[in-house]
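First up is the structure itself, then whatever we jot down about it.
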Amino acid sequence: MILRIMGLLGTLLCITAVGCGSGNPATFETSGKVTYNGQPVANGVVQLHPEGGGNSAVGNLESDGTFTLTTFKKDDGACAGTYKVTVQAFPDADDDAPASGLPGMELTGEGKPPVPLKYEIAGTTDLVVTINEGANELTLELKD
């Protein structure tokens with residue numbers, strides 16, 4: 001009888017340990033590339049804003065315009081759902097003005113933003129993507 005109870009307690013302990021995860025919803029590997037006028041967008045950030053609430057995801061733009069999204073931990077992807085996408089690209093910093101590429105700083109040189117400003121705000125962007133279960137590869141083509 002005692003062995004039976006010990007076995008039952010052991011089974012319950014195993015089920016409890018396996019069932020208790022991080023409490024976060026599932027994320028799915030998501031990466032992609034951003035281009036503007038056919039050229040890669042580098043030195044910036046891509047952010048997915050969930051429609052209807054939920055967890056947003058963010059990724060840094062590499063020099064070739066590629067990114068990998070993070071929601072809870074580095075490169076874990078995004079939760080399944082539909083998102084508005086914002087892209088913020090920072091101007092290249094000149095050697096003489098190292099802070100010129102930081103958000104909130106005035107642009108140097110000609111002063112033209114690297115991408116159209118409509119893509120920087122969730123309320124004005126027209127980029128919408130759906131993240132599905134499994135791996136996702138996004139192609140984001142920005143236009144004037």
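Below is a table of values for the structure above.
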{"item": "Sole residue being crowded, with 17+ Cβ neighbours inside 10 Å and either among the small types (Gly, Ala, Ser) or without any contact (Cβ under 8 Å) to a residue 12 or more places away in the chain (or both), chosen from Gly53, Gly59, Gly38", "result": "Gly59"}
{"item": "Conditions (1) exposed (fewer than 12 other Cβ atoms within 10 Å of the Cβ); (2) at pLDDT 95 or above; (3) of a type in the set (Val, Ile, Thr): number failed by Val18", "result": "(2)"}
{"item": "Filter pass, Asn60 being of a type in the set (S, T, N, Q) and over 9 Å from the mean Cα position of the chain (by Cα)", "result": "no"}
{"item": "Whichever residue in segment 21-35 is surrounded by fewer than 17 Cβ atoms within 10 Å (Cβ to Cβ) and assigned to a loop (DSSP other than H, G, I, E, B) and, among such residues, is modelled with the lowest pLDDT", "result": "Gly21"}
{"item": "Condition met for Asp126 (among the acidic types (Asp, Glu), farther than 30 Å from Gly23 by Cβ and at pLDDT below 95)", "result": "no"}
{"item": "Segment 109-144, residues that are part of a strand (DSSP E or B) and closer than 14 Å to Tyr36 by Cα", "result": "Thr139, Leu140, Glu141, Leu142"}
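The values are calculated or read from the model by the stated rules, or taken from the named source; none is laboratory data. What you are looking at is a predicted structure, and each value in this text was computed from that prediction instead of being measured. Cβ coordinates were reconstructed from backbone atoms using ideal geometry, including for glycine residues, and neighbour counts include every protein chain displayed.
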